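Structure record follows, encoded as structure tokens.
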Amino acid sequence: MEAGKTEIRKFVAVDPSKCIGCGLCEIICILEKGEPFLSPTRSRIHVIRILPFFNIATACRLCSDAPCVKACPRNALLQKESGVISVDEDKCDLCGWCVMACPYGAIALHSVKPSVLICDLCEGDPKCVEFCPEEALALASQDEAEKLWRASVEQLPTEMENFMALIKARKVHALFEGLEEKTRRFYWKYKEMEKRYKLK
């Protein structure tokens, strides 16, 4: 990298208009990190289901001058040059200050061991991105993520209007258009996950 230039950090970002809220990203994260229980509370990415056509998956954004690191009273969090934050379990006492400091709700307390759950990008190859059946997740910079967000939010009034019009017209069947194809994509990603992580 040239002197005076800073590397653009990329993190796992979501396109809310594509996310169907299936939660496969959470399951993949749990499996990849070797957690013994398939509970969303053990995931480093979290799905927030808002509307059928607008969902959010949130993970660490590798903030510059990360507020979670500054908030930790025991210096248990360390931000690497890449932006990824590591946790020193010998220092962490699960006080939760980092959770409260994160503006994106991307940190969670581990339910068993003295540690917090923060996305580490799977060493640059995030499995949640690879396995998302709708390709709603991607590695993106802050600017790219904000563009995705703005575009999705701008579509919301139209999407909501169309949704309500179908409900009022009792055209419920139209709400399920494309569902079969989405289910098929989910199914094949799930089968791929089963094979990769030897779930059978």
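The values are calculated or read from the model by the stated rules, or taken from the named source; none is laboratory data. These figures come from a predicted structure and were not determined experimentally. Cβ coordinates were reconstructed from backbone atoms using ideal geometry, including for glycine residues, and neighbour counts include every protein chain displayed.
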Extreme residue, modelled with the highest pLDDT, among residues of the stretch 6-32 that are in contact with a Lys or Arg (Cβ under 9 Å, 6 or more places away or on another chain), closer than 20 Å to residue 156 by Cβ and of a type in the set (A, V, I, L, M): 13
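Please count how many residues of the stretch 102-119 are outside any strand (DSSP E or B), farther than 12 Å from residue 60 by Cα and either without any contact (Cβ under 8 Å) to a residue 40 or more places away in the chain or within 16 Å of the chain's Cα centre (by Cα) (or both).
Qualifying residue count for the region: 4.
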Any hit, the stretch 34-53, residues being assigned to a loop (DSSP other than H, G, I, E, B), modelled with pLDDT under 95, surrounded by fewer than 18 Cβ atoms within 10 Å (Cβ to Cβ) and among the charged types (D, E, K, R): no
Residue in the stretch 113-132 that is of a type outside the set (Lys, Arg) and under 30 Å from residue 164 (Cα atoms) present: yes
Residue match in the stretch 32-45 (condition: under 13 Å from the mean Cα position of the chain (by Cα), without any contact (Cβ under 8 Å) to a residue 60 or more places away in the chain and on the phi > 0 side of the Ramachandran plot): no
Residue in the stretch 174-190 that is surrounded by 12 or more Cβ atoms within 10 Å (Cβ to Cβ) and either at pLDDT below 90 or not in a helix (DSSP H, G or I) (or both) present: yes
Residue 94 vs. criteria under 17 Å from residue 122 (Cα atoms), surrounded by fewer than 18 Cβ atoms within 10 Å (Cβ to Cβ), outside the structural domain of residue 149 (by TED's automatic domain parsing) and among the aliphatic types (A, V, I, L, M): no
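Results for (1) part of a helix (DSSP H, G or I); (2) in contact (Cβ under 8 Å) with a residue 60 or more places away in the chain; (3) crowded, with 16+ Cβ neighbours inside 10 Å, shown as yes or no for each residue.
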position	(1), (2), (3)
61	no, yes, yes
70	yes, no, no
89	no, no, no
100	yes, no, no
128	yes, yes, yes
154	yes, no, no
166	yes, no, no
Condition check for residue 82: under 20 Å from residue 47 (Cα atoms) and of a type in the set (Ser, Thr, Tyr): no
Close pairs (7 angstrom Cβ cut-off, 6 or more residues apart or separate chains): on the phi < 0 side of the Ramachandran plot in the stretch 182-199, modelled with pLDDT under 95 and surrounded by fewer than 15 Cβ atoms within 10 Å (Cβ to Cβ) anywhere: 194/200
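Name every residue in the stretch 130-141 that is farther than 11 Å from residue 189 by Cβ and surrounded by fewer than 16 Cβ atoms within 10 Å (Cβ to Cβ), in order of residue number.
Hit for the stretch 130-141 is 141, nothing else.
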